[in-house]
Ligand SMILES: Nc1ncnc2c1ncn2[C@@H]1O[C@H](COP(=O)(O)OP(=O)(O)O)[C@@H](O)[C@H]1O
Ligand SMILES: [Mg+2]
């Protein structure tokens, strides 16, 4: 069952310096019980794509200028009222942002915030909610959870705040979790515990996850499918085994190769590539990766490649590249 289907999403910021097409015709889906990882270098539009789904793009200067975002295959969130979006956020779609302070209330204790969610969304009584809150903090690897309940966000370390934010996001038993680099400030052991928790929820409750990360180790561990974003477009999307191991798009391939060169076998953080990412203001008519691409041909400069669907080992795969397309057609 498809929880979320993003089709041709375009999100534009209208700034004094010009128009920034932060998301430029991106399409992807998240199925029930599936993790889709969204990867790509900084500025490629990952966070704006996530905010677009939830109706949280700051307006002005930004707004969705094209496309649809179907929830459960029918309800277009692009057209949903603010009231409906608010109802979905916090109820059925949970989100975890990079900056935990932006989603925690500084004036309320951790316990109050967590218990409120449990009372409101799960209809628990006070006592039950308290018990559950302690368990929820334990699940995100917070030691001595009873004593944490009374603390306020500013009394916690960055990593601890991140864990609290994740516990609150999951407390309402969402169907979809949108997580934007949620484990960046965490040490490896705690991160592993949280990824295990998400995996349990995925298997037990069919939680769908859109997971934005720079960490290819996290991708290979968590994702069933991966979408690689470059300059607002999904340049390749497919099963994790294909995209990480046998990428088709030259950008995805450059990522794979530089990660291997840096570390041998281990998958590290997304590496820096040679050359500059494209200016968000002056997007070329052709492929945005063309200036940095080793395989570029004449057409790449002037014509934007269409998205091309393939079937690889019975699984769907998409790529946007003239060269890959020509290879396919040449046999
Ligand atoms: N509030 C804003 N005003 C203008 N431009 C923005 C705003 N937020 C994001 N952008 C632009 O959108 C593009 C994508 O940003 P973002 O989605 O944050 O990238 P990522 O999460 O992949 O690092 C960038 O070029 C960024 O400058
Ligand atoms: Mg971001």
Please work out how much length the chain gains when fully extended from residue 68 to residue 92, using 0.36 nm per residue of separation minus the C-alpha to C-alpha distance, in nm with one decimal.
-> 6.8 nm
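Taking 0.36 nm per residue of sequence separation and subtracting the Cα-Cα distance, how much length would be gained by fully extending the chain between residue 203 and residue 108, in nm to one decimal? Could the numbers behind the result be given before it?
Values: separation 95, 0.36 × 95 = 34.20 nm, distance 3.27 nm.
The residue 203-residue 108 span can extend by a further 30.9 nm.
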Using all Cα-Cα distances in the chain, what percent lands in each 20 angstrom bin from 0 up to the longest?
-> 30, 56, 13, 0
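Could you work out the Kirkwood radius for segment 1-104, taking every pair of different alpha carbons, averaging 1/r and inverting it, reported in Å?
Numbers: mean 1/r = 0.0695 Å⁻¹.
Result for segment 1-104 stands at 14.4 Å.
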Per residue, the convex hull enclosing the alpha carbons of segment 24-170 has a volume in Å³ of 148
Comparing 50, 133, 80 in a Gaussian network model of the chain (Cα, 10 Å), the one with the largest mean-square fluctuation is 80
Helix 188-205 versus the longest principal axis of the chain: what angle, 0 to 90°, nearest 10, using Cα atoms?
-> 90
Which of 248, 320, 283 moves most in a GNM of the chain, Cα contacts under 10 Å?
-> 283
By how many degrees, between 0 and 90 and to the nearest 10, does the Cα long axis of helix 126-139 differ from the longest principal axis of the chain?
-> 40
State, to one decimal in nm, how far the label point of residue 313 lies from the label point of residue 56, with both points 7 Å from Cα in the Cβ direction.
-> 3.5
Dividing the surface of the Cα convex hull of segment 130-180 by four yields a projected area in nm² of 3.7
Diffusion coefficient in µm²/s returned for segment 148-238 by Stokes-Einstein, Kirkwood Rh over C-alpha pairs, 25 °C and 0.890 mPa s, is 170
Could you give the length gained on full extension between residue 155 and residue 282, defined as 0.36 nm per residue of separation minus the Cα-Cα distance, in nm?
-> 41.3 nm
How far is helix 110-122 tilted, in degrees, relative to the longest principal axis of the Cα atoms in the chain, given as a value from 0 to 90 rounded to the nearest 10?
-> 80
What is the Å³ per residue value for the convex hull set by the Cα atoms of segment 84-182?
-> 92
Highest-fluctuation residue, 187, 241, 215 considered, GNM on the chain with Cα pairs under 10 Å | 187
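Every number in this text was worked out from the coordinates using simple rules, so none of it is lab data. Quick caveat: nothing in here was measured; it's all calculated off a predicted structure. As a convention, Cβ positions derive from the backbone with ideal geometry for all residues, glycine included, and neighbour counts pool all protein chains shown.
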